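Participant: First, the structure itself, so that you have it in front of you.
The values are calculated or read from the model by the stated rules, or taken from the named source; none is laboratory data. Because the structure is a prediction, the values reported are computed rather than measured. Using ideal geometry, Cβ is built from the backbone for each residue, glycine included, and neighbour counts are taken over all protein chains shown.
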Amino acid sequence: MAREMPHATGKVPPGDVTQRVGIEVMEARGVNVEELREKLIDAIAAEFASTYYYYTILRMYLAGHEDYKEICEDARLEDRAHFELMTPRVYELGGSLPYNLHEFADRAGCPHAYLPGTDNGQHAPEMGDGKGPSAADILEVLLDSERCAIRTWSEICDLTAGGKDPRTYDLASRILNEEIEHEAWFIELLSMERDGVVRPSGHFRRGEPGEAPYSKNRPLYNP
């Protein structure tokens, strides 16, 4: 008697390339795949456009604070890694990045991290006494950006937890780990720079810029 193989067939017919079993099982567990997919696009748009791009500018203006620049660079490169990590998941779920970069940037689920004194990126910063934006002002922008990211990826984790979508949950939780670390870094730096109060992050700098210990799989392929 042939052994029963309950998972050998299902709703998706053999050879059908228009449907995905990976989506079918998520929907059976109650996941609204279209809603999740759109939230993922908004989230990775924020990682790429709101933080990675604008953190490049913020880092440049942390002149004279090489320690701050190094931490900003870690966060900047790790946010790019988050974009790279989650982008393939959008396609696995049957979606696509917008085909226009401006449209993609407009989809960002977090405010752009504009350099202070530029009227939301409309012009070069007001230099005033020649010093430009203060380190404290820049650190505050960095901190608020990381907090938006924490809220964003926490929502994705909530939507996929409990075995509903183990793959997206795994990727989002790894990103969330690093965003929580980023927040702790900028709390420590801003608290001392602006308030003169020690609030330790509990961390030290990465071994190398943008190491991304949670969101990069070094032994595996990760574009």
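Participant: Inspect all residues belonging to segment 183-198 and state whether any of them is within 30 Å of Tyr91 (Cβ to Cβ) and modelled with pLDDT of 95 or more. Let's see the steps before the verdict.
Facilitator: Of all residues in segment 183-198, those within 30 Å of Tyr91 (Cβ to Cβ) come to 183.
With the extra rule that they be modelled with pLDDT of 95 or more, the set shrinks to 183.
Within segment 183-198 (the criterion being within 30 Å of Tyr91 (Cβ to Cβ) and modelled with pLDDT of 95 or more), the answer is yes, since at least one residue qualifies.
Participant: Scan segment 90-100 for residues that are surrounded by fewer than 20 Cβ atoms within 10 Å (Cβ to Cβ) and in contact (Cβ under 8 Å) with a residue 12 or more places away in the chain and report the count.
Facilitator: Residues of segment 90-100 surrounded by fewer than 20 Cβ atoms within 10 Å (Cβ to Cβ): 90-92, 94-100.
Subsequent filtering for residues that are in contact (Cβ under 8 Å) with a residue 12 or more places away in the chain retains 90, 92, 94-95, 97-98.
Within segment 90-100, residues that are surrounded by fewer than 20 Cβ atoms within 10 Å (Cβ to Cβ) and in contact (Cβ under 8 Å) with a residue 12 or more places away in the chain number 6.
Participant: Right, Val31: within 23 Å of the chain's Cα centre (by Cα), assigned to a loop (DSSP other than H, G, I, E, B), hydrophobic (A, V, I, L, M, F, W, C) and within 26 Å of Asn177 (Cα to Cα) or not? I'd like the intermediate steps shown before the answer.
Facilitator: Working: within 23 Å of the chain's Cα centre (by Cα): yes; assigned to a loop (DSSP other than H, G, I, E, B): yes; hydrophobic (A, V, I, L, M, F, W, C): yes; within 26 Å of Asn177 (Cα to Cα): yes.
Judged against the criteria, Val31 is a match.
Participant: Using beta carbons and a limit of 6 Å, which pairs, at least six apart or on different chains, have the first residue in segment 173-192 and more than 14 Å from Asp74 (Cβ to Cβ) and touching a residue at least 60 places away in the same chain (Cβ under 8 Å) and the second one of a type outside the set (A, V, I, L, M, F, W, C) and part of a helix (DSSP H, G or I)?
Facilitator: Sorted first by the residue in segment 173-192, then by its partner, the pairs are Ile175/His82.
Participant: Give segment 101-127 a look and list any residue that's surrounded by 13 or more Cβ atoms within 10 Å (Cβ to Cβ), within 19 Å of Trp153 (Cα to Cα) and out of contact with any Asp or Glu (no Cβ under 9 Å at 6 or more places or on another chain), or say none.
Facilitator: If we filter segment 101-127 for residues that are surrounded by 13 or more Cβ atoms within 10 Å (Cβ to Cβ), which is where we start, we get 104-105, 107-118, 125.
The next check asks that each one be within 19 Å of Trp153 (Cα to Cα); those that pass are 104-105, 107-113.
Phe104, Ala105, His112 - these are the residues of segment 101-127 that are surrounded by 13 or more Cβ atoms within 10 Å (Cβ to Cβ), within 19 Å of Trp153 (Cα to Cα) and out of contact with any Asp or Glu (no Cβ under 9 Å at 6 or more places or on another chain).
Participant: For segment 160-177, what are the residues that are surrounded by fewer than 20 Cβ atoms within 10 Å (Cβ to Cβ) and among the hydrophobic types (A, V, I, L, M, F, W, C)?
Facilitator: Within segment 160-177, the first condition is being surrounded by fewer than 20 Cβ atoms within 10 Å (Cβ to Cβ), and the residues that meet it are 161-164, 166-167, 169-170, 173, 177.
Scanning segment 160-177 gives a single hit, Ala161.
Participant: With more than 22 Å from Glu35 (Cβ to Cβ), of a type in the set (A, V, I, L, M, F, W, C) and over 16 Å from the mean Cα position of the chain (by Cα) as the only criterion, which of Leu142, Leu190 stands out?
Facilitator: Values: Leu142 fails: over 16 Å from the mean Cα position of the chain (by Cα).
Being more than 22 Å from Glu35 (Cβ to Cβ), of a type in the set (A, V, I, L, M, F, W, C) and over 16 Å from the mean Cα position of the chain (by Cα) holds for just one of Leu142, Leu190, which is Leu190.
Participant: Return the only residue of Pro133, Pro209 being surrounded by 13 or more Cβ atoms within 10 Å (Cβ to Cβ), in contact with a helix residue (DSSP H, G or I) (Cβ under 6 Å, 6 or more places away or on another chain) and touching a residue at least 60 places away in the same chain (Cβ under 8 Å). Explain how you work it out, then say what you get.
Facilitator: On the way: Pro133 fails: in contact with a helix residue (DSSP H, G or I) (Cβ under 6 Å, 6 or more places away or on another chain).
Pro209 is the lone residue from the list that is surrounded by 13 or more Cβ atoms within 10 Å (Cβ to Cβ), in contact with a helix residue (DSSP H, G or I) (Cβ under 6 Å, 6 or more places away or on another chain) and touching a residue at least 60 places away in the same chain (Cβ under 8 Å).
Participant: So which residues in segment 59-106 are of a type outside the set (Phe, Trp, Tyr) and assigned to a loop (DSSP other than H, G, I, E, B), if there are any at all?
Facilitator: Just the residues of segment 59-106 that are of a type outside the set (Phe, Trp, Tyr), to begin with: 59-60, 62-67, 69-82, 84-90, 92-98, 100-103, 105-106.
Within segment 59-106, Leu62, Ala63, Gly64, His65, Leu93, Gly94, Gly95, Ser96, Leu97, Pro98, Asn100 meet the criteria.
Participant: Looking at Ile57, Ile41, Ile23, can you tell me which residue is modelled with pLDDT of 95 or more, in contact with a Gly (Cβ under 7 Å, 6 or more places away or on another chain) and of a type in the set (A, V, I, L, M, F, W, C)? Reasoning before the result, please.
Facilitator: Working: Ile57 fails: in contact with a Gly (Cβ under 7 Å, 6 or more places away or on another chain); Ile23 fails: modelled with pLDDT of 95 or more.
After applying the criteria, what remains is Ile41.
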